[in-house]
Amino acid sequence: VTCVADDVVPTVTIEIVDRLDEAVRAAVERLLPQLSRSATFDEQTLAWVVAHEATTLFVARMDDGDDVVGALTLVTYPLPTGLRAHVDDVVVDDAVRGRGVGEALVRSALDRAVQVGARTVDLTSRPSRESAIRLYERVGFVRRDSTLFRWEPSSDPA
Ligand SMILES: CC(C)(COP(=O)(O)OP(=O)(O)OC[C@H]1O[C@@H](n2cnc3c(N)ncnc32)[C@H](O)[C@@H]1OP(=O)(O)O)[C@@H](O)C(=O)NCCC(=O)NCCS
């Protein structure tokens, strides 16, 4: 997928990572803190994301210079009700936001989800992530009234 922003801005290419190279490793390490302050980078985990059947790591690479400036993870998983998909960890480098890189990443993930036969693609986003929410609605995500629950080992009252 090539996303043409305009005449002066270099384009980016969206790629699926099938081998973890140093450029991708370093870029993800640099981008994760921009996703969440509590995100901690771990190379083993990233290698697992790349190798795992259920996860597909997408990166956005600048066409001039090969810099990786964005990433997204698509999760696909079979359920008795069909193949489902989830989009997670969408992040674009602060320096290149507002040029369509995020949208190109999300559209590539949606194309892939359709290709593999996913019935639905879900994602969650905090209301404070306004730019992200506008992006998701722009590409066709529709809000659903559902409550997100999270359990952590420390939440067990027993
Ligand atoms: C959310 C995020 C991924 C969006 O990435 P991005 O590359 O800036 O996204 P886009 O460029 O596709 O869209 C952003 C804005 O740029 C605008 N835009 C896109 N291409 C443009 C262009 N060529 N010229 C002018 N504006 C453009 C879009 O219309 C959009 O405007 P809006 O925010 O007013 O609706 C990025 O802001 C980010 O990483 N945020 C921090 C992490 C985060 O919140 N992740 C989401 C977790 S749910």
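Quick note: the coordinates plus some simple rules give every number you see, no bench work behind them. Predicted model, so just to flag it, every value in this text is computed and none were measured. Cβ sites come from the backbone with ideal geometry, for glycine too, and all protein chains shown count toward neighbours.
Couple of notes before you dig in:
- Within the range 122-133, residues that are touching a residue at least 40 places away in the same chain (Cβ under 8 Å) have Cβ atoms under 6 Å from residues that are within 6 Å of the ligand (Cβ to nearest atom) in these pairs: ALA132/SER125, counting only partners at least 6 apart in sequence or on another chain.
- Among the residues listed as VAL114, VAL75, VAL90, the single one being of a type in the set (Val, Ile, Thr), within 28 Å of ARG30 (Cα to Cα), surrounded by 10 or more Cβ atoms within 10 Å (Cβ to Cβ) and more than 9 Å from the ligand (Cβ to nearest atom): VAL75
- Restricted to the range 13-52, and to residues there that are under 18 Å from ARG112 (Cα atoms) and either of a type in the set (Gly, Ala, Ser) or in contact (Cβ under 8 Å) with a residue 60 or more places away in the chain (or both), the residue that is surrounded by the most Cβ atoms within 10 Å (Cβ to Cβ) is ILE14.
- If you go through the range 117-136 and keep only what is part of a loop (DSSP other than H, G, I, E, B), within 13 Å of the ligand (Cβ to nearest atom) and of a type outside the set (D, E, K, R), you end up with LEU123, THR124, SER125, PRO127, SER128.
- Yes/no for VAL69 being within 11 Å of the ligand (Cβ to nearest atom), part of a strand (DSSP E or B), among the β-branched types (Val, Ile, Thr) and surrounded by 14 or more Cβ atoms within 10 Å (Cβ to Cβ): yes
- Residues of the range 125-158 satisfying the condition of being surrounded by 10 or more Cβ atoms within 10 Å (Cβ to Cβ) and either among the small types (Gly, Ala, Ser) or under 24 Å from THR81 (Cβ atoms) (or both): SER125, SER131, ALA132, TYR136, VAL139, GLY140, PHE141
- Here PHE58 passes the criteria (1) part of a strand (DSSP E or B); (2) out of contact with any helix residue (DSSP H, G or I) (no Cβ under 6 Å at 6 or more places or on another chain) except the one numbered (2).
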